[in-house]
Amino acid sequence: VDDDQLICETTTMSLERLDDRIHVRSVTNPRDVLEVLDSAPIDCVVSDFQMPGMDGIELLRAVREEYPNLPFFLFTGKGSEDVAAEAINAGATSYVQKGGTEVYEQLANRIENAVDHRQSERRAKVAQNRLLSLYEQTDGFYILDSDWQVVYWNQQIADRTGVPSDKILGESFW
C-alpha cells in the first residue's frame, strides 16, 4: 500500500524478483485495503506511512480490528524512531526504512519469516483441534499442565465424575 504508483511498482517488482513465492497485490488508496483483504487470501500487508487521508498507523489499527494476527509491515521513507515505536506499539510486525536495493531483501526476508511463522501457527492450531476432537470421542479426557493443574476437562469426564469443567479448570489435580 503506497499512494505513489511508481513505488508500488518498484516494490512489487523487487519483492517478486527476490522470491518466487511472493506475489504482490498493490493498492494506492489505503481505504481499499480492508476490501481487498475481505475479497482475497492475503498473507501480509506492507504499507507506507505518509499517505493522504489515512496514514500507515491508522491503516494498521483498522487492519488489526478485523485481522488481529495478519502480519503488517510499515515500509516507509519518511519515518523516524517515534514512528517506528508507534508502529510497533500499535501491533506492526516490523518496521523497515526505505532506501537502497538491499532493503527489499530485508523486507522480503521479514515477510517470508512472518508468513511462515503464521502458517505454522495455523497448522499447529488445526492439528490441536483435530486431536481434541478425537479426545472428545473418548469416555472421558482431561489434560494437566506441568504443575498438575487441570487445563482441559471434556464433557464426558465431567459427566463421569460429576465435576463440571468450570469448577475444575485451573485447579490442582491432586
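Annotations for the structure displayed:
- Residue of Arg122, Arg21, Arg160 that the Gaussian network model of the chain assigns the largest fluctuation, springs spanning Cα pairs under 10 Å: Arg160
- Rounded if a/c under 1.5, otherwise prolate or oblate - the stretch 6-80, Cα gyration tensor axes: oblate
- Sorting Trp153, Trp148, Trp174 by solvent-accessible area of protein heavy atoms yields Trp174, Trp148, Trp153, largest first, with a 1.4 Å probe.
- The stretch 1-102 - percent relative contact order, Cα under 8 Å, separation 6 or more: 23 percent
- Accessible-area rank, largest first, for Cys44, Cys8: Cys44, Cys8, with all protein chains present and a 1.4 angstrom probe.
- Within the accessible area of the chain (1.4 Å probe), percent carbon and sulfur: 48 percent
- At an R0 of 45 angstrom, the distance between the Cβ atoms of His23 and Ser146 translates into a FRET efficiency of 0.60.
- When Lys125, Lys98, Lys78 are compared by accessible area at a 1.4 angstrom probe, the order from most to least is Lys78, Lys125, Lys98.
- Mean projection area, nm², convex hull over Cα of the stretch 76-121: 3.5 nm²
- Surface per residue (accessible, 1.4 Å probe) for the chain, Å²: 62 Å²
- Within the listed set Val83, Val150, Val45, the Gaussian network model of the chain (springs between alpha-carbon atoms below 10 Å) gives the highest mean-square fluctuation for Val150.
- Environment charge at Glu105 (Cβ cut-off 11 Å; Lys +1, Arg +1, Asp -1, Glu -1): -1
- Annotation: extensible slack from Arg61 through Asp43 equals 4.8 nm (criterion: 0.36 nm per residue apart, minus Cα-Cα distance).
- Using a simple spin-label model with pseudo-atoms 7 Å out from Cα toward Cβ, Glu35 and Asp116 lie 3.5 nm apart.
- Amide H contacts under 5 Å for Tyr152, placed H, 5+ residues apart: Ile143
- Highest-MSF residue in the chain out of Tyr95, Tyr67, Tyr104 [GNM, Cα springs under 10 Å]: Tyr67
- Scaled against the 2.2 N^0.38 Å expected of a compact globular protein of N residues, the Cα radius of gyration of the stretch 100-174 reads 1.77.
- Relative contact order (%) - the chain, alpha-carbon pairs under 8 angstrom, separation at least six: 14 percent
The values are calculated or read from the model by the stated rules, or taken from the named source; none is laboratory data. All of these numbers come straight from a predicted model, not from anything done at the bench. When we count neighbours, we look across all protein chains shown, and the Cβ atoms used for this are built from the backbone with ideal geometry, even at glycine. Note: areas computed on protein heavy atoms with side chains; ligands, DNA, RNA excluded. Shrake-Rupley method; radii C 1.70, N 1.55, O 1.52, S 1.80 Å.
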